[in-house]
1. By the gyration tensor of its Cα atoms, with a ≥ b ≥ c the square roots of the eigenvalues, what is the shape of the range 1-132: rounded for a/c under 1.5, prolate for a/b over b/c, or oblate?
2. What accessible area per residue, rounded to a whole number of Å², is obtained for the range 1-147 using a probe radius of 1.4 Å?
3. Given the whole protein assembly as supplied and a 1.4 Å probe, what does the accessible area of Arg127 come to in Å², nearest 10?
4. Hey, which of these cross-link pairs are over 18 Å Cα-Cα: Lys3/Lys125; Lys3/Lys40; Lys125/Lys160; Lys2/Lys40; Lys94/Lys141?
5. In the neighborhood of Asp71, defined by Cβ-to-Cβ distances under 14 Å, what is the net charge if each Lys or Arg adds +1 and each Asp or Glu adds -1?
6. Considering only the other residues whose Cβ falls under 14 Å of the Cβ of Ala29, what net charge follows from Lys and Arg at +1 and Asp and Glu at -1?
7. For the range 146-163, take each phi angle, set θ = phi - 60°, evaluate the Karplus expression 6.51 cos²θ - 1.76 cosθ + 1.60, and give the result in whole Hz per residue in order, putting x for glycine and proline.
Amino acid sequence: MKKPGSVQGQPFVIDNCNDCTLLVLDHCAQAQIDNVSDSKIFIGASADSVFVRNCSNCIFTVACGQLRTRDCQNCTFNLYCKTEPVIETSSNLKFGPFNGAYPGHRGDLLDAGLEEEDVDGNDDKWRNVFDFNDPSKTGEKNWRLLRPDERQALWCPLGKAELCIISSSSDVVATERQKLATEERNAVVDDYSFEESKTCTPFAKDEDQKKEGTTFHYKIKAIVCGGWSIMWTAVNSVQEFCLNLFFKAFQPINKMLASGE
């Protein structure tokens, strides 16, 4: 495992591995993966290309600017890619939407320039595979797209994390994102809410009264926050007024010094 902050945009190489789980949980300039078999590989954010050669029976979770493969067999790619994935002299490759997340992943994606255009993944080209060895260029001679029931489960190697890349066709990941978004919204309310008044809701006898008590609670919060904002604005105005008086008082002295009197 390369943990977040350990690669910091440098090129990265993986080679000659068998029966391994390999994690690059940071942004890199590019990644080259050679001679790997029966392994599971996570590349969090590669700014340029991820070049995979002579690999077999592997499962990849990759976010990159470009994916290139050569001489690969029986591999699955869970992919976010800003350009068309390219395969060459490869067979039985399968492609599905990106399925990985870890704490700090969004920052790594931004550092690699992968999320700036569309955070919802609508610029994702994971399904637009180009096969150099398919003369007809009709697709799926040496590769195919994963069916929805074949797609990989969400992979969070460091535990619960924010989901940053959402493909419009990734039902599993989209559902997880929706759940996380709900949790985050609730967390924001908890973090910034005042202690609930114990005189508003305990006497509510129906749902309407409960809603009214909650509305009253948020009105009190708005008044308090508004009062702080007004007071802070007034303090700033007083500071600015005093500074102006101070500089005006020294203007005659500055003129005398400038004239040599």
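1. Details: a/c = 1.80, a/b = 1.21, b/c = 1.49.
In terms of gyration-tensor shape, oblate.
2. Working: 6200 Å² over 147 residues.
In whole numbers, the range 1-147 has 42 Å² accessible per residue.
3. About 100 Å², rounded to the nearest 10.
4. Lys3/Lys125; Lys125/Lys160
5. With Lys, Arg at +1 and Asp, Glu at -1, the net is -1.
6. Every neighbour counted, the sum reads -3.
7. 5, 6, x, 6, 9, 5, 6, 5, 4, 10, 10, x, 10, x, 3, 8, 6, 8
The values are calculated or read from the model by the stated rules, or taken from the named source; none is laboratory data. Values in this document were obtained by computation on a predicted structure and should not be read as measured data. In this analysis, Cβ positions are derived from the backbone assuming ideal geometry, glycine residues included, and neighbour counts consider all displayed protein chains. Surface accessibility is based on the protein's heavy atoms, side chains included, excluding ligands, DNA and RNA. Shrake-Rupley method; radii C 1.70, N 1.55, O 1.52, S 1.80 Å.
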